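Heads up, the thing below is written out as structure tokens.
The values are calculated or read from the model by the stated rules, or taken from the named source; none is laboratory data. What you see is a predicted model; the values in this text were computed from it and never measured. For neighbour counting, all protein chains shown are included, and Cβ atoms are generated from backbone atoms with ideal geometry for every residue, glycine included. Please note that ligands, DNA and RNA were not included when accessible areas were found on the heavy atoms of the full protein model with its side chains. Shrake-Rupley method; radii C 1.70, N 1.55, O 1.52, S 1.80 Å.
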Amino acid sequence: MSQDLHLQTLTQLAVGLGNGTFSSVDITEALLDRIESHNGALNAFITVTAEQALADAQRADAARASGNAGPLNGLPIVHKDIFCTRDVLTTCASRMLENFVSPYDATVVRRMAEAGAVMLGKSNMDEFAMGSSNETSYFGPVMNPWNLECSPGGSSGGSAAAVAARLTPAATGTDTGGSIRQPAALTGTVGLKPTYGRVSRYGMIAFASSLDQAGVITRSTTDAAMLLGVMAGFDERDSTSINQPVPDYVAGLDKSLKGLRVGIVRQHFDAGLDENCGVAVKEALALLEAQGAILTEVDLPNLELSVPTYYVVAPAECSSNLSRFDGVRFGHRAKDAEDLFDLYCRSRGEGFGAEVKRRIMTGTYVLSAGYYDAYYLKAQQVRQLIADDFRKAFADVDVIAGSTAPTPAFKLGAKTDDPITMYLSDIYTIGANLAGLPGISVPCGLVDGLPVGLHLVGAHFGEETLLNCAHQYEQATDWNDACPEGYQ
Amino acid sequence: MSLDKNQVQHIATLARLRLAEGESAETVEKLSRIVDFVDQLSQAATDDVVPMAHPFNETQRLRADEVTETDDRDHFQENAPAVSDGLYLVPKVIE
Amino acid sequence: MSGQWEVVIGLEIHAQLATKSKIFSAASTAYGAEPNTQACLVDLGYPGVLPVLNAEVVRMAAKFGLAVNATVAPRSVFARKNYFYPDLPKGYQISQYELPIVEHGELFIADADGNEKRIGITRAHLEEDAGKSIHEGLDGYSGIDLNRAGTPLLEIVSEPDLSSAREAVAYMRKIHSIVRYLGISDGNMQEGSFRCDANVSVRPVGQDELGTRAEIKNLNSFRYVEKAINFEVERQIELIEDGGQVQQETRLYDSDKDETRSMRSKEEANDYRYFPDPDLLPVEIDAAYIEAVRATLPELPDAKQQRFIDDYGIREDDAAILTTSLLLADYFEAVAGATEGKAQGVANFIIGDLSSALNRDGLDIEQSPVSAKDLALMLDRIKDNTISGKIAKEVFEAMWAGEGTADEIIEARGLKQITDSSAIEAIVDNVIEANPGQVAEYKAGKDKLIGFFVGQVMKETGGKANPGQVNAILKDKLS
């Protein structure tokens, strides 16, 4: 029995806990063992909080015994190391925060803990979530369990690899341009990025504030729905969090797809998309159609500008958001500074990696005197055009479907020389961030033994529709049960 | 290349980033490629388009004027590289 | 020299808003706490934290806008002003840039000729204050205290309508009294709650375009504003007349040396890279909100001044002085309402004896040891001739020292005025008899000597004789 605990989804584990088949301590011990055996090869974790996890599991079991089990009682969770965790190292995969112990919990972390979840550790990621391959981490790249020579994608690569390798059934992630959905696609997991404002950003170390959104990576849509129900909701500490009731996402999964209008972007299957990925995605679309969905073409004429738009808006916000890392109140501080200017320049020069510095500089440039109108303001206008395209499209369709990523997992090092090539990894996901829309990636096939993801984007607060559609697809296939060799 | 070494140095100074010796040439090259790439935005017709700063047209919520935070200085300063008598220390600032 | 040059001044006044908590966090704004004990995670700019706007600052800014006849913006936006400085924890200050909450206001001051002069208020915007740096006693380091970081500020920017240091001070005083009337700032300049930057330039009379301006930073008293501007104006004129050019730069006023000097730094020119703060949404204010705020506006200094002139019949300059502070104005009205004496007399006494006693002891009007009621009683005793104006000064000092009410002091010290004509006549007779030489001179036409005789009578009576009666009797007897 306990040998296969790692193969169970959160939903299955919840049943077992409820029946008393096993305890939270059993689950926690089993998963900590798996992390111990496999993390060396995967590098999916920056911190494993074994002691705290076991103590929390004991508390969860005691709470259940006394009839006080919360909705996630005793269930394991891994948090991306971008979420602040009280009294636990929170590095954002940066040398800048190598020794930073957060004095507080992010709202997401607090809500999950209050619901009874047991944190196993903090997952590796691209430094400050800036990257699409997990190679910018100060703590080294994460390996894809489907092929250790491949990247698991990024920036939530550690979370995705850990879930794919069955080291945890679920992990949190953040998605600024595709950082949950792209690694989910590349690791054969489910990745959900909610509507901007659906989940509080408080305590999530900011990369690009108007784009960042917290979400989850799981092995089933039901698990994603269950976790979203706990994470979502208004937070008075986040001015951009939206005060809207949180529906029961799990209850909405079983609706039929009959009549669901699925939009396909006209140019989506043209150049740029790997041919085999295209085949897998088309098969998935055919299956949705077979389930009663109506496929229609939609036009998003400005979407082709989403990547350049993103690479102005996100760096601009990041250049300002990361100014607080100055070596004064927390974080890396250069030794023997000559003066204040030297302290700033060297602390930041040493503390940040090359990609983070590039983005800070790009952002500084596009906001600087003489360039603001040509770049930043222009990008904000194009962003409006892209959002308008989506608004118009969602008048006619309920979800927009396509491939999550242009290719399956790529080799580590394959794209590190050219930032633009790397940036284009997010070409299909960035639009949802610019428009603030929810998106989900679900496994829809294997190409040369590597997973492919079906990407669904919904209208604002359309998570129920999105999850329902993804769930119905998932029920009709078994791609989400596919497990990389050696991790069964 | 769209950016030269001096421009990149100016940006680095504004951003308070010291680039190591080896980093400089690579940074000029890669930043230039990024700038060239985002230059394609100039093709978009955006006359009269309202710039979009937020995904939603929501308005700012206001917080009641109440003090609920209490002193936790010692805890917060555990992360500080240099403090003395509760003050954060930096190299002397001359005004 | 000054005849050929025109001075152009604009002020940026920073008024700390009198809220309990900070503009974007729930930490206390109280002054004087131990370093960094009122700096919460938001104020410290910790990773992951977010700002949430204090409702009270919006209300206060709207109130100010209405008080200066400005437009309160239906939509205003917070922006980030990016620069690095140790007292600025996030590396940016949250401020308002393109869409401030208040625009196009005005107020009126008296110019050098006493004529009313309109001063435009370009805008007033909300922003957060920075922390403080401490440079002394830290052995090669500066220490950063972030208690003040995040305190709400209203930055009030004038048009360059001010033409002299005197006008600048008059304008600043006016703003000072308005924010205090409104109860939106304590205006405490020692604690830095009310301070200003002055943009100063000069140009030859008749020239249309403005001269290059220098910005003098952080002036925290009316006196420094006046001195710093006067110094700066002279410096610029001398510089130009000597063939030099004014540099656009930031300068600091050194009160010890009474001079301004350039704040040179090795950093290049600032490029603040303003952009809308993505962590905050636009602030929207509707007409109902504005009307609700308008309903809470108190009577403002100008209106009160006019009412004092109309209703109490006091002099305009006295009304202006009495209305600079709401508490002083209230004190005046309390005394004037309670005494039988004339309002002008009340004004004279408050502006004269009471104000100098307050100044001497470093007290504010609300700390006056003599209450409005007690002062009214004392003024009644002048009115009913129990004491003279001169004796009143002695009575007042005794009241100030806590010796009791006017009546108690008059009684205890035997200060009751002598109004018995026969008693005064007897003393007058003695004085005339003792000073035959002066009597002769007086009679020969030296009228001024009447003062001498009055003085002698007063001396004899210990100042208690009624001066009017003494005068009349003397004139009668000497004629």
Notebook entry, point to check: What is the local net charge at C:ALA73, summed over the other residues whose Cβ is closer than 10 Å to its Cβ (Lys, Arg +1; Asp, Glu -1)?
Noted result: 0
Check: For the pair C:LYS446 and A:ARG59, how long in nm is the line joining their label points, each one 7 Å along Cα→Cβ?
Finding: 10.1
Item checked: Solution diffusion estimate, µm²/s, Stokes-Einstein, chain A, Kirkwood Rh from C-alpha pairs, 4 °C, viscosity 1.567 mPa s -> 59
Item checked: chain B: relative contact order in percent, alpha carbon pairs under 8 Å with at least 6 residues between -> 20
Notebook entry, point to check: Are there GluC sites (Glu not before Pro) in region C:68-129 that DSSP puts in a loop and that have at most 11 other Cβ atoms within 10 Å, and which ones?
Noted result: C:GLU98
Next item on the list: Post the alpha-carbon centroid distance, region A:307-360 to region A:8-27, in whole angstrom.
Entry: 44
Notebook entry, point to check: Over chain C, what relative contact order in percent results from Cα pairs under 8 Å that are six or more residues apart?
Noted result: 14
Check: Computed over the Cα atoms of region A:228-297, what is the convex hull's projected area averaged over all directions, in nm²?
Finding: 7.4
Margin query: Output needed: percent of Cα pairs per 20 Å distance bin for chain C, bins running from 0 to the one holding the longest distance.
Written below: 19, 42, 26, 11, 1
Notebook entry, point to check: To the nearest Å, what is the center-to-center distance of region C:268-345 and region A:91-140, using C-alpha atoms only?
Noted result: 52
Item checked: Convex hull projection area averaged over all views, region A:110-253, Cα basis, nm² -> 8.1
Notebook entry, point to check: How about region A:392-488: which GluC sites (Glu not before Pro) there are in a DSSP loop, with at most 12 other Cβ atoms within 10 Å of their Cβ?
Noted result: A:GLU485
Next item on the list: Using just the helices of chain A, give the 222 nm mean residue ellipticity in deg cm²/dmol: DSSP H runs with n ≥ 4 each add -39,500 (n - 2.57), and the total is spread over all residues, rounded to 500.
Entry: -11000 deg cm²/dmol
Note to self: Show me, bin by bin at 5 Å from 0, the whole-percent P(r) of region C:323-479 based on Cα pairs.
What the structure shows: 1, 9, 17, 17, 14, 12, 10, 9, 6, 3, 1, 0
Item checked: Accessible-area order (highest first, 1.4 angstrom probe) of the listed residues A:THR187, B:THR59 -> B:THR59, A:THR187
Checklist line | Under 12 Å, Cβ to Cβ, from C:ALA165 - net charge with Lys/Arg +1 and Asp/Glu -1 | finding: -1
Next item on the list: May I ask you to rank A:TRP479, C:TRP5 by accessible area, largest first, using a 1.4 Å probe over the protein chains only?
Entry: A:TRP479, C:TRP5
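In whole Å and largest first, what semi-axes does the C-alpha gyration tensor of region C:387-460 yield when each eigenvalue is scaled by 5 and square-rooted?
The three semi-axes for region C:387-460 are 33, 13, 8 Å.
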Check: So what's the back-of-envelope 222 nm ellipticity for chain C, counting only DSSP H runs of four-plus at -39500 (n - 2.57) apiece and dividing by all residues, rounded to 500?
Finding: -11500 deg cm²/dmol
Checklist line | Tensor-based shape of chain B (alpha-carbon gyration tensor, a/c under 1.5 rounded, otherwise prolate or oblate) | finding: oblate
Next item on the list: Give A:LYS80/B:LYS30; C:LYS20/C:LYS132; C:LYS383/C:LYS446; C:LYS63/C:LYS90; C:LYS81/C:LYS217; A:LYS122/A:LYS335 a once-over and call out the pairs whose C-alpha atoms are over 23 Å from each other.
Entry: A:LYS80/B:LYS30; C:LYS383/C:LYS446; C:LYS63/C:LYS90; A:LYS122/A:LYS335
Note to self: Can you compute the radius of gyration and Dmax for region C:421-478, using only the Cα atoms, both in Å?
What the structure shows: 10.3, 30
Item checked: the protein assembly as shown - Debye-derived log10 I(q)/I(0), Cα point model, q = 0.05, 0.06 Å⁻¹ -> -0.43, -0.57
Next item on the list: Note down the Stokes-Einstein diffusion coefficient of region C:110-193 in µm²/s, whole number, using a Kirkwood radius over alpha carbon pairs, 10 °C, and 1.306 mPa s.
Entry: 103
Checklist line | Solvent-accessible area of A:ILE242 with every protein chain in place, 1.4 Å probe, in Å² to the nearest 10 | finding: 10
Notebook entry, point to check: Ordering A:LYS357, C:LYS20, A:LYS335 by how much accessible area each has at a 1.4 Å probe, largest first, what is the list?
Noted result: A:LYS335, C:LYS20, A:LYS357
Item checked: Net charge over other residues, Cβ less than 13 angstrom from the Cβ of A:ALA393 (K, R count +1; D, E count -1) -> -2
Next item on the list: Return a whole-number percent for the relative contact order of chain A, with Cα pairs under 8 Å and 6 or more residues apart as the contact set.
Entry: 18
Next item on the list: Any chance you could look up the accessible area of C:GLU209 with a 1.4 Å probe, heavy atoms only, rounded to 10 Å²?
Entry: 120
Next item on the list: Provide the descending list of Cα extents for region C:301-413 along its principal axes, expressed in whole angstroms.
Entry: 43, 31, 19
